[in-house]
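Notes follow once the structure below has been shown.
Please treat every number below as a calculation from the coordinates, not as lab data. Small disclaimer: the values here were computed from a predicted structure and weren't measured. Methodologically, a virtual Cβ is constructed for each residue, glycine included, from the backbone with ideal geometry; neighbour enumeration extends over all protein chains shown.
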Amino acid sequence: MEWTEENGLLLIPLGLGWLAVWLLMPSERKRPRILGGLAGLAAILIMQMMLLPPAGDFVRNGLFFLFAAGSVISAALMITDRNPVYSALWFALVTLSVCGLFLLNSAPFLAAATIIVYAGAIIVTFLFVIMLAQQSGTIGNYDQQPLQPAMASLGAFILLGALLFTLQEWGHIGRPDASQHAMPGQFITVPAELQPNPLSQPPADNPHEIGSLRVLGRSLFGDYLFAVELAGTVLLIATIGAIAIAPRRSQGTL
Amino acid sequence: MTQVSEMTATALESQLIVGATLFVLGVIGFLTRRNLILIMLSAELMLHGVSINLTAFSRYHGNPQGQVFTIFVLTIAACEAGLGLSLILSLYQRRKSLDVLLWGKLGEDDLPVFTSPSNPTVNVPVDPNAEYPHLSPSGRMPKTQPTTPTKT
């Protein structure tokens, strides 16, 4: 009983979220999609109330909730939209919101790189392919018939519940006595004898500058030089493989 | 520049929850959608959730290693998108459709199709020009008369 009193509050947004995703899924029968949207909003609001920090930077928290709610709502609409073109556009919105979260995490270079890679290249390519796929007429309405929506979302929300319960066990989500600072041993701490490379540490005059090009570049090409070379090799192999797999244009239209 | 103090544990947990939610929504999309491109987009959504976690931990610990790992995630996502798109294009050329259920049957054309009452059934168009390898059906060994080996 004690466990349910402490942790049972998390079950409400989880159940509401599952109901929202299940109701929003496209289906043959008419489902009350408005009800699903309301349930999803209620789940997000309850979650936000449990997350509300007692005090802090108002602008920062406001921006965080804006980007977090934007990314989660856009992701839910992306996986439940009937039209795959709209899904790709919702995914672009998810990417923009995630880049906002990157900015809040003091990672401006990463935000710019993600926008360039995703919104610049992948979304355009995906829209290209989606339009190619829809111009010749599709066989069946496969976008209106998802596979096992109730059971899949139930299993996925059980996974989310497990993650949140673990976080609550180690942190203090929704506890009224949430202290502002981490307790020792709350998360894994770096062993003291593990000395970091002094070149890849943030500069001494601004110790919170961790996302700038200078610090990132020194860490990438100092600590992770071998991994960078491996990543380059993987990119080269993927390029060769994509050229080898892609169908030839001489066989006709795509 | 405004004072960016060290991240509180509450702020870190908020970011971890957003990352976990994005990951789970990606899992749902990966499992339920039948469009091949949307399946790939859902995989990218899962990578976004992981990237939020990595940058949040990077800020929490005050070192750039989480962001370096996010750059590697970005690299792998680009590789995956390129390879996946070329695979999807070549699959689309075979069936002229992006439905993933058309690829649920990997057996030969004369074998029965697995059907489930909860799954929607699809009619797989048979490509008359396709040449697939044909294996002899498995089963018990047919009884044969012992014969003398033929000379070749």
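Structure notes:
- Using a Förster distance of 51 Å, the FRET efficiency for A:Glu209-A:Leu38 (Cβ separation, nearest 0.05): 0.75
- FRET E, pair A:Leu127, A:Arg60, Förster distance 35 Å, beta-carbon r, rounded to 0.05: 0.55
- For the pair segment A:67-96 and segment B:70-92, the centres of their Cα atoms are 19 angstrom apart.
- Spacing of the two label points (7 Å from each Cα toward its C-beta) at B:Leu135 and A:Thr233, in nm: 3.4 nm
- Residue order, fewest to most beta carbons within 10 Å, for B:Ser90, B:Ser14, B:Ser138: B:Ser138, B:Ser90, B:Ser14
- Residue exposure sequence - B:His61, B:His48 - by fewest surrounding Cβ within 10 Å: B:His61, B:His48
- Radius of gyration, Dmax [segment B:9-99; alpha carbons; angstrom]: 15.8, 52
- Value of Rg/Rh across segment A:50-121 [Cα atoms, Kirkwood radius]: 1.05
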